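Note sheet for the following structure.
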Amino acid sequence: MAKRTKRQQAILRRNLFLGSVSLVLIAAIVLIVWIVASGLGDGDNKGSNSPNPSTPSQTLSTNDTSNDNESKKPIPSTPAPIQIGEFKGDANFTKTILVNNKNPLPANHNYKENIIVFPNEYKWYSQDAVYRKIDADIWPYLKAMIDACRADIGEKEIGIISAWRDYGTQKTLYDAQIKKWKDKGYSQADAEKEAASRVAIPGTSEHHTGLAVDFNSTNQSFENTKAFKWLKENAQDYGFIMRYPSDKMDITGGIIYEPWHWRFVGINIAKEMKELGMCYEEYCGYKGIGEYVY
Ligand SMILES: [Zn+2]
């Protein structure tokens, strides 16, 4: 009996020992998994636990693709969200739709989607009638930019003369341009060519997206204004780019130099484009965004 009891006690001790080792191992594994998981979460500001995330990154077009192609350079790491005056902006928020004469909007495009009316005080002061409509998501960035610009250079130095346009409005502008050149004696084909370099063909205008604005005057002398100088220095901090630079006409689809036309792409992208010295067509090619053609 004593012998069996000792053996049973030995077995019991061995089982207790193995059980304890197992518990310690399981605890260690759980601890390691927890450390690794929480470490990853803390290092990534874009995680789901980020405080007060503002508007999410978004693409508009079915042509758009995300920027997760590993062969492409990552967007620089500006923290998001960032404070722009009273507005908390998200530096990662982007709308990357590419619209030009080779990339028209699809036939079923909803021109009125996400469009709001902006306050009258943001129009160019000397213009009576302005089509005061803009994409709802980018309005806070545009408002912050105009507020900052006005605070720096004066209330009446900058204002919007044109923003969102529907297809019919663009067609009216385009047809008027063709008529103007035909009245000067140009053939239909030549008049259309001249018109298309000044007014985008209906369906191919960035103004259809509500992501583009014209400031003050559609005259190239706008480049001599305080407003233009301010925009050239600061617009990227609000997510805007000058869309039709003078040296990129061959790439932007033959659109003439338009210092007054500014397009929202997002803060990180606008900053990166400025660093790279690329126009939007070049940048889309570089990043593999959309079915770019130029
Ligand atoms: Zn424009």
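The values are calculated or read from the model by the stated rules, or taken from the named source; none is laboratory data. Bear in mind that the values here come from a model prediction, so they are computed numbers and not experimental data. With ideal geometry, Cβ positions are generated from the backbone for all residues, glycine too; neighbour counts draw on all protein chains shown.
Scan segment 212-234 residue by residue and report those that are within 11 Å of the ligand (Cβ to nearest atom) and of a type outside the set (F, W, Y). Before the answer, list the steps.
At the first step, the residues of segment 212-234 found to be within 11 Å of the ligand (Cβ to nearest atom) are 212-215, 218.
Selection gives A212, V213, D214, T218.
Annotation note: of N216, N224, the sole residue that is over 14 Å from Q170 (Cβ atoms), of a type outside the set (A, V, I, L, M, F, W, C) and buried (at least 20 other Cβ atoms within 10 Å of the Cβ) is N216. Evaluate segment 201-215: report whether one residue or more is of a type in the set (D, E, K, R), touching a residue at least 24 places away in the same chain (Cβ under 8 Å), closer than 15 Å to Y280 by Cβ and not in a helix (DSSP H, G or I). Scanning segment 201-215 turns up no residue that is of a type in the set (D, E, K, R), touching a residue at least 24 places away in the same chain (Cβ under 8 Å), closer than 15 Å to Y280 by Cβ and not in a helix (DSSP H, G or I).
Among the conditions (1) away from the ligand (no atom under 13 Å from the Cβ); (2) in contact with a helix residue (DSSP H, G or I) (Cβ under 8 Å, 6 or more places away or on another chain), the only one that G266 does not satisfy is (2). When segment 242-263 is examined, which residues are found to be within 12 Å of N100 (Cβ to Cβ), within 14 Å of the ligand (Cβ to nearest atom) and either among the hydrophobic types (A, V, I, L, M, F, W, C) or part of a loop (DSSP other than H, G, I, E, B) (or both)? Within segment 242-263, R243, Y244, T252, G253, I255 meet the criteria.
Inclusion of G185 among residues that are assigned to a loop (DSSP other than H, G, I, E, B) and surrounded by fewer than 15 Cβ atoms within 10 Å (Cβ to Cβ) is warranted. For segment 243-254, the candidate set comprises residues that are under 25 Å from N92 (Cα atoms) and touching a Cys at 6+ places or on another chain (Cβ under 7 Å); within that set, the residue that is surrounded by the most Cβ atoms within 10 Å (Cβ to Cβ) is T252. Would you check if there is a residue in segment 230-242 being over 18 Å from E157 (Cα atoms) and surrounded by fewer than 19 Cβ atoms within 10 Å (Cβ to Cβ)? Scanning segment 230-242, I find no residue that is over 18 Å from E157 (Cα atoms) and surrounded by fewer than 19 Cβ atoms within 10 Å (Cβ to Cβ), so the answer is no. For Q220, indicate whether it is assigned by TED's automatic domain parsing to the domain that holds F87 and in contact with a Pro (Cβ under 8 Å, 6 or more places away or on another chain). It is true that Q220 is assigned by TED's automatic domain parsing to the domain that holds F87 and in contact with a Pro (Cβ under 8 Å, 6 or more places away or on another chain). Do we have any residue at all in segment 160-180 that's closer than 26 Å to N120 by Cα, assigned to a loop (DSSP other than H, G, I, E, B), within 15 Å of the ligand (Cβ to nearest atom) and among the hydrophobic types (A, V, I, L, M, F, W, C)? Yes, segment 160-180 has at least one match.
Listed conditions (1) modelled with pLDDT of 95 or more; (2) part of a helix (DSSP H, G or I) are all met by I134, apart from (2).
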